[in-house]
Each structure stands twice: as C-alpha cells, then as structure tokens.
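Data first, discussion second: the structure below is written as structure tokens.
The values are calculated or read from the model by the stated rules, or taken from the named source; none is laboratory data. Quantities reported herein were computed from a predicted structural model and do not represent experimental measurements. Ideal geometry is used to build each Cβ from the backbone, glycine not excepted, and the neighbour counts take in all protein chains shown.
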Amino acid sequence: MIGTVILRAARDGDLDAILTITNDAIAHSDAIWAISPMTRDQRAAWFADRTKAGLPVLVATDAAETVLGFGSYGPFRLYEGYRRTIEHSVYVAANARGCGIGRMLLDALIAEATAQGFHIMIGAITADNAPSIALHRAAGFTESAVLPQVGQKFGRWLDLLLMYRLLDQSQPEPHQP
C-alpha cells in the first residue's frame, strides 16, 4: 500500500531516485528506447536544462519523501513553429505502478502545460504498451499515428504510437518573418 502521495517540483536531492527509476525503465522495459544506462551527470544536465527553460520536473513522493515517480515535458521539436507543442514523459517506480501515480503526474503536467500556454501535448508511446495507452486515453489523449519499426530494443523492432491532447482552442499567432 502506497498511502498518501504528494506531488511537488523536483529538487536536486531527487536526482538519484529519478536516475534509478530511469535506469530501471531502460534495463527492464521498452518505455525508454535507450540501451545504455544514464549517468547522474546526464540526468543532472537534463534537470538543469528543464529548470533553466522554466519547464517542470515533477515528482510523486510518499509521506516519507520516497520518490515514487516523476514526469516532465519539453520541446517536441526545436523549430519555432513547434514552440507551443510539447512532448511529455512520465515514469513510475516498479513497486509503485498500478496505484494511480502515473495519472496524477500526467494530470499535473497537463494542468501546468495549459497554464504555461502550450497548445498541444504529445505522448510518444511504444505501440504495444497497453497500460500507457490506456492511461493516455483516460487522460483525454487521442491516437494519431503509428510509426512502424522506427526503433529497436531487446532484439526486436518497436513501433511508435503518437498520441496528442489539445490543451487550448486558441488561434495561431500572427505570422512573423
């Protein structure tokens, strides 16, 4: 039993737990298509980049401050035309999956992205990851496209499902050359 879950902004002291969750996903799942474990320096640079850009990194903790999961979002693509589109990621510790933590993190990211004025949130999901697809559908995401065999891990080709959620109904900004 997990008990009370607290969502908050990640702090430097959370990096080791974030790294552990990340590397567990790399080693034991195809949720992250990396093969080599990440280093603490890599995760620290990622955290610093997100923080500097004003982008959230959220953690879910229990009452004892044990990190149970984390989520963040960043640019979907780097060209200016994509500046209001973001791609998110949510990862939950193996012992905390199935307890609603992923949904709590995703809902918080959606609220933050909406408040920051983003237009669309993208989820890029391994196409046979049924729990993640169900999570995204429940959070209002729509399936858009499957890119077949664009990655590989554990000796097999992986299909990538793109899902999106519209965050606002605003019109595009005026053209600026």
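Among residues of the range 54-79 that are within 13 Å of residue 92 (Cα to Cα), those with a beta-carbon under 8 Å from a residue that is polar (S, T, N, Q) and surrounded by 23 or more Cβ atoms within 10 Å (Cβ to Cβ) at least six positions away or on a different chain give the pairs 58/72. Among the residues of this structure, residue 130 does not count as one that is among the hydrophobic types (A, V, I, L, M, F, W, C), without any contact (Cβ under 8 Å) to a residue 40 or more places away in the chain and within 19 Å of residue 74 (Cα to Cα).
For residue 43, the conditions (1) under 13 Å from residue 91 (Cβ atoms); (2) touching a strand residue (DSSP E or B) at 6+ places or on another chain (Cβ under 9 Å); (3) not aromatic (Phe, Trp, Tyr) all hold with the exception of (2).
Counting only residues that are among the hydrophobic types (A, V, I, L, M, F, W, C) and buried (at least 17 other Cβ atoms within 10 Å of the Cβ), which one in the range 8-19 is nearest to residue 152 (Cα to Cα)? Give the steps one after another, and end with the answer.
The initial filter retains those residues of the range 8-19 that are among the hydrophobic types (A, V, I, L, M, F, W, C), namely 9-10, 15, 17-19.
Imposing the further condition that a residue be buried (at least 17 other Cβ atoms within 10 Å of the Cβ) reduces the set to 10, 15, 17-19.
Working: 10: 31, 15: 27, 17: 26, 18: 24, 19: 22 Å.
Filtering first and then ranking leaves 19.
Where strands (runs of 3 or more DSSP E) sit wholly within the range 63-175, those with at least 2 residues that are surrounded by fewer than 19 Cβ atoms within 10 Å (Cβ to Cβ) and among the charged types (D, E, K, R) occupy 142-153, 156-166.
Residue 22 - would you say it is polar (S, T, N, Q), crowded, with 20+ Cβ neighbours inside 10 Å and within 12 Å of the chain's Cα centre (by Cα)? So residue 22 passes the test. For the range 141-177, which positions are at pLDDT below 95 and not acidic (Asp, Glu)? Hits for the range 141-177 are 169, 170, 171, 172, 174, 175, 176, 177. All told, residue 147 meets the bar of being hydrophobic (A, V, I, L, M, F, W, C) and farther than 23 Å from residue 99 by Cβ.
For the range 1-57, the candidate set comprises residues that are of a type in the set (D, E, K, R) and not in a helix (DSSP H, G or I); within that set, the residue that is farthest from residue 161 (Cα to Cα) is 11.
Residue-wise test of (1) under 24 Å from residue 58 (Cβ atoms); (2) touching a helix residue (DSSP H, G or I) at 6+ places or on another chain (Cβ under 7 Å); (3) of a type in the set (Gly, Ala, Ser).
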| site | (1), (2), (3) |
| --- | --- |
| 107 | yes, no, no |
| 119 | yes, no, no |
| 123 | yes, yes, yes |
| 163 | yes, yes, no |
| 169 | no, no, no |
| 174 | no, no, no |
